[in-house]
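So the structure is just underneath, and the comments pick up after that.
The values are calculated or read from the model by the stated rules, or taken from the named source; none is laboratory data. Please read all numbers here as calculations on a predicted model, not as lab measurements. Note: ideal-geometry Cβ built from the backbone for every residue, glycine included; neighbour counts use all protein chains shown. Note: areas computed on protein heavy atoms with side chains; ligands, DNA, RNA excluded. Shrake-Rupley method; radii C 1.70, N 1.55, O 1.52, S 1.80 Å.
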Amino acid sequence: MAVPMLTCLKSGLRLCPRISQICRAQNISLSAASQAGSKWRIENGFARSGTEYGPLTDLPDWSYADGRAAPLLKGQIRRKQEMEELARRVVMLSSEVDRGMERWRKTQEEKKKKEGKNLSLLLKSKGDRLLKK
């Protein structure tokens, strides 16, 4: 039912520019049909659309009869490169976080040492007060 209505809206936009202006002014999206089911897919742990990742996009479309894999398509090569770049970035950011945490630990240790040194330099009580402790 939504598809005929969507096609009617799109054809109406071509016939009547006023409808197009109203849709833009009211921020009405006409691409809801292309996003149908995305909420369900996200809630169930799948990609927003069926073309983002998964066996239909990541695996080859065909193979040779003797079992050899088919050469990768342009889209598959691009996705592979994007994933490699993402993995490199994750490793780089992770190492930055590790270095930052190590630096923070060192500064905390230095502060503790400085406090201990300052406490040891303070004047100490003598006599009866020392024995009571």
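Which one is surrounded by the most Cβ atoms within 10 Å (Cβ to Cβ), of the residues in the range 42-58 that are of a type outside the set (Ser, Thr, Tyr) and part of a loop (DSSP other than H, G, I, E, B)?
Checked the range 42-58; the qualifying residue surrounded by the most Cβ atoms within 10 Å (Cβ to Cβ) is PHE46.
Looking only at the range 75-111, filter to residues that are polar (S, T, N, Q) and at pLDDT 95 or above; which one of those is most open to solvent (accessible area, probe 1.4 Å)? Looking at the filtered set, the residue picked out is GLN81.
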